[in-house]
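Working notes, structure below.
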Amino acid sequence: MMGNVLMTESFSSTGKRHYFLDFKRTSRDSKFIQISRSDQLEDGSYKRTFVIIFEQDFEFLISAMSSLFHHSAHLSEDGKTIYQTHKDNKAIRERGIPSWDPEIKPREKLMAHGAGSLEDRELLAILIGSGTPGEDAVALSGRMLKAFGGFAGFFGRSISSLCRFNGIGEAKASTILAVMEIVKRISGR
C-alpha cells in the first residue's frame, strides 16, 4: 500500500534482515502503520513482507502490545511462565515482591504497622507499584532515591528525568511528581 511517510524507524536484526516501521498518510488523509521486513536472498535480491494496521485499530494494537509485554515479563529464560500453582489453584510468582513473606511486603507492612514503619524506598515502591523482571519495585525505588539524594531530590524534576530509570514510564513518573506537588502545597514550599 502506498502512502506518504510521516515518520519512519528502522533496525536490522542481522546483516541480511531489516525492519521498517512507517507511519503513513493516505491520499484521503487517513493514517496507518506499515511494518515491513526485508530479507536479502542469496542472489542479492530482497524479499519484502509487510503488515498494515489502520488508524481505527491503533488502540487495539497498543493494547495487544501492552498485554504481550506485560505477560512476557513473567516468563523465564526457557519461555515458561514464572508462576507456580498454589494448593488452592491461585497463581503466585516465584520471584519479586509477591513472593516475599507478607510481613516484609511494603503494602502489607503499611497496613499492619502504619506508614511510619516503612523505609523511604518502601514508600516509593508503593507509589510506583511494580519494578521490572530484573528489579523489584523496592530495589528500583532505592536506586532512584540514591540517585536523587532522597525525596527532596525529586522536587523540580521533569517526567523525562524520572523516565530515565528502567521501569519508570510516564504514568509512574506522573504519579511521583503529583505526590511531590501535593507535599509542596501542604508544606507551603
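The values are calculated or read from the model by the stated rules, or taken from the named source; none is laboratory data. Treat the numbers as computed from the prediction; the structure is a model and nothing was measured. A quick note on method: Cβ atoms are made from the backbone with ideal geometry, for glycine too, and the neighbour counts reach across all protein chains shown.
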For GLU135, state whether it is out of contact with any strand residue (DSSP E or B) (no Cβ under 6 Å at 6 or more places or on another chain) and over 22 Å from GLY153 (Cα atoms). no
Are any of the residues in region 8-24 surrounded by 11 or more Cβ atoms within 10 Å (Cβ to Cβ) and in a helix (DSSP H, G or I)? no
First in region 109-131 and farther than 26 Å from GLU170 by Cβ, second anywhere and polar (S, T, N, Q) and at pLDDT 90 or above, Cβ under 7 Å, 6 or more apart: LYS109/SER117
Of the candidates SER130, SER36, the one satisfying the condition of being part of a loop (DSSP other than H, G, I, E, B) and either surrounded by 14 or more Cβ atoms within 10 Å (Cβ to Cβ) or modelled with pLDDT of 90 or more (or both) is SER130
Going through region 161-173 in order, the residues found to be free of Cβ contacts under 8 Å to residues at least 24 places away in the same chain, in a helix (DSSP H, G or I) and under 14 Å from the mean Cα position of the chain (by Cα) are LEU162, CYS163, GLU170, ALA171, ALA173
Could you go through region 88-96 and let me know if any residue there is at pLDDT 65 or above and over 26 Å from SER12 (Cα atoms). yes
